[in-house]
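First the structure, in the form of structure tokens, and then the observations on it.
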Amino acid sequence: MSSVASNQSNKPYEPLEYSTEDGRLRILGFWIFLGAEIVLFSCLFATYLVVHSHTAGGPTSKELYDVKEFMIETFLLLISSFTCGLGTHELRRHNAKGIIIWLIITLLLGLGFIYMEVNEFVKYATEEGATVGRSAFLSGFFVLVGTHGAHVSLGILWMTSIIIQLAKRGVTAVTARKVFIVGLYWHFLDVVWIFIFTAVYLTGMVL
Amino acid sequence: MMNENVEQHNAHGGFPWKHVIGLILSLALTLIALWIVVSYSFSTTFTLASIIILAIFQALIQLLFFMHLNESKSRVWQIIAIGFGFFTAATVVVGSLWIMAYSL
């Protein structure tokens with residue numbers, strides 16, 4: 001017990017994903033990528049907000065958005081961010097099985113989110129005549145929300161491949177870094193969704 | 001040596017309080033934002049300002065509770081990268097709205 005204590009005081013606890021310089025630098029690189037992603041999304045947000053009132057006689061945001069639907073989407077993504085965080089928590093315990101279970105739950109929630117979003121888009125297009133070419137507002141809407149949805153879809157494919165790799169190789173310095181980075185990506189998509197929830201859906205109910 | 005490592009990791013990996021608190025806070029902030037909007041009992045300015053502030057807090061919860069922003073030895077650079085991203089994003093969004101408000 002005393003040896004553990006002295007070990008801790010000499011060498012501070014360091015998670016496996018930061019244990020090699022390569023892993024630490026790749027994680028830093030991914031943060032820089034996320035910074036660039038924020039800027040990419042900010043351009044889409046700016047476009048959407050500027051053209052929000054330009055509906056060209058077509059459906060407006062107040063007519064389109066359905067509180068129940070976008071709240072379900074929001075909760076699916078919020079909870080998936082939590083379960084993905086539990087995956088990282090299990091990663092810190094070097095428990096490959098635990099990571100895989102939480103990542104699969106995350107994937108299912110992500111698939112539920114995509115299912116809801118595709119349904120929403122199809123409903124807008126078929127029942128409300130709200131297609132991407134109908135008005136500037138709808139172009140801005142579909143490009144912004146669609147780009148986020150495309151990111152989530154890519155995240156699902158990416159996370160699936162990480163789960164397969166983890167099942168084959170177990171928790172190593174390399175797979176730990178990969179699990180951590182795909183987690184960062186997933187949480188980041190939730191951050192973007194928070195702003196879509198606020199700037200698109202909630203604001204669309206007010207203005 | 002191996003055993004010591006495992007013990008050390010278990011000591012750091014008990015019940016995931018940080019994540020549970022993060023989840024509860026983010027659900028609470030989401031519901032407060034929704035309530036402010038659907039109650040229709042506040043002015044438009046107050047409603048918009050408060051949901052934007054709530055969203056910023058939500059983003060911080062994700063970054064600090066779930067994404068472990070400040071754990072790496074390179075934490076300073078991570079914070080600079082993400083902070084500069086948010087600064088540029090705010091400039092693009094606020095600047096576009098400000099300029100286009102005078103376009104009519």
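For chain B, the alpha carbon convex hull comes to 112 Å³ per residue, rounded to a whole number.
Residue A:36 to residue B:41: FRET efficiency via 1/(1 + (r/R0)^6), r the Cβ-Cβ distance, R0 41 Å, to the nearest 0.05? According to the calculation, E is roughly 0.55. When only the Cβ of Lys, Arg, Asp and Glu is charged (+1, +1, -1, -1), the dipole of chain A relative to its Cα centre reaches about 760 debye. Helix A:173-196 and the long axis of chain A differ in direction by around 30°, with both axes built from C-alpha atoms. Of all lysines in the structure, the ones whose alpha carbon falls short of 25 Å from that of residue B:18, not counting any fewer than 8 places away in one chain, are A:11, A:97, A:178, B:73. Applying 1/(1 + (r/R0)^6) with R0 = 45 Å to the Cβ-Cβ distance of residue B:98 and residue A:101, what FRET efficiency is obtained, to the nearest 0.05? The calculated FRET efficiency here is 0.40. From its DSSP helices (H runs of at least four residues, each -39,500 (n - 2.57)), chain A gives a residue-normalised ellipticity at 222 nm of -27500 deg cm²/dmol. Could you give the Stokes-Einstein D for the protein assembly as shown in µm² per second, using the C-alpha Kirkwood radius, 4 °C, 1.567 mPa s? Rounded to a whole number, D works out at 62 µm²/s. Cβ-to-Cβ counts within 10 Å put A:53, A:80 in ascending order as A:53, A:80, the fewest first. Note on residue A:62 and residue A:131: their simple-model spin labels are 2.7 nm apart, each label 7 Å out from Cα toward Cβ. Could you tell me the calculated FRET efficiency between residue B:80 and residue A:147, based on Cβ-Cβ distance and R0 = 41 angstrom, to the nearest 0.05? Plugging the Cβ-Cβ distance into 1/(1 + (r/R0)^6) gives 0.95. Taking Cα atoms, how many degrees apart are the long axis of helix A:21-51 and the longest axis of chain A, rounded to 10 and kept between 0 and 90? Tilt of helix A:21-51: around 10 degrees.
You can think of it this way: the chain between residue A:75 and residue A:21 has 15.8 nm of extra reach, that is 0.36 nm per residue less the Cα-Cα gap. Helices that extend 24 Å or more along their long axis by alpha-carbon positions and average at least 1.0 on the Kyte-Doolittle scale are, among the DSSP H runs of chain B, B:17-38, B:44-61, B:75-100.
Throughout, read-outs are computed from the coordinates displayed, never taken from laboratory work. On a predicted model such as this, the values are computed, not experimentally measured, just so you know. Cβ atoms come from the backbone with ideal geometry, glycine included; neighbour counts cover every protein chain shown.
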